[in-house]
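A short reminder: the numbers here are calculations on the coordinates, not readings from a lab. Keep in mind the model is a prediction, meaning the values are calculated, not measured. Positions of Cβ are backbone-derived with ideal geometry, glycine not excepted, and every protein chain shown enters the neighbour counts.
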Amino acid sequence: MPRLSVGDPAPDFTVPTADGGTFTLSEQRGTRVVIFFFPAAMTPGCTTQACDFRDSLGALQAAGYTVLGISPDPVPRLQEFTESAALTYPLGSDPDRAVLLAYGAYGEKKLYGKTVEGVIRSTVVVGADGDVEVAQYNVKATGHVAKLRRDLGLG
């Protein structure tokens, strides 16, 4: 799938969330949304990244951002992840990978030197107007949130 670029309209979606609700991107118009795509709940890298977003949530919210994590995990697994890592923002379930594909966050990637198909760790920031402001693919689990904050001018 093609990746999104700055200025592209962000594909709308609705995903079930770990808290039993849903998250619909178009309902967030007027706010900026940081969407991060991660391969699997409760794995070391994904836990590091999710906790980094948790720890930066106050600064992101103060700057007007909403945060959403999306993985192909089923809702019960995301509920367990939310509780075990004390996450304070929604996690969306995309088991059919429709959102991952629409955002270019699923496809061929290198894993330990082999080419495999799977979730490409990615972050997309959607502006208040619904257009892509930031599109980062193949990001590292460690240090990514700090880099994103710098890229967003949040220090």
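Name the trypsin sites (Lys or Arg not before Pro) in segment 1-87 that are in a loop by DSSP and that have at most 14 other C-beta atoms within 10 Å, would you?
Listed in order of number, the matching sites are Arg29.
In the chain, if every C-alpha pair distance is counted and binned at 10 Å from zero, what percent goes to each bin?
Values per bin, smallest distances first: 11, 45, 38, 6, 0.
For the chain, what does the helix formula give at 222 nm: sum of -39500 (n - 2.57) over DSSP H segments with n ≥ 4, over the residue count, nearest 500 deg cm²/dmol?
The helix contribution divided over the chain gives -8000 deg cm²/dmol.
Would you mind telling me which residue in Ala105, Ala85, Ala50 has the biggest mean-square fluctuation in a Gaussian network model of the chain, where springs connect alpha carbons within a distance under 10 angstrom?
Ala85
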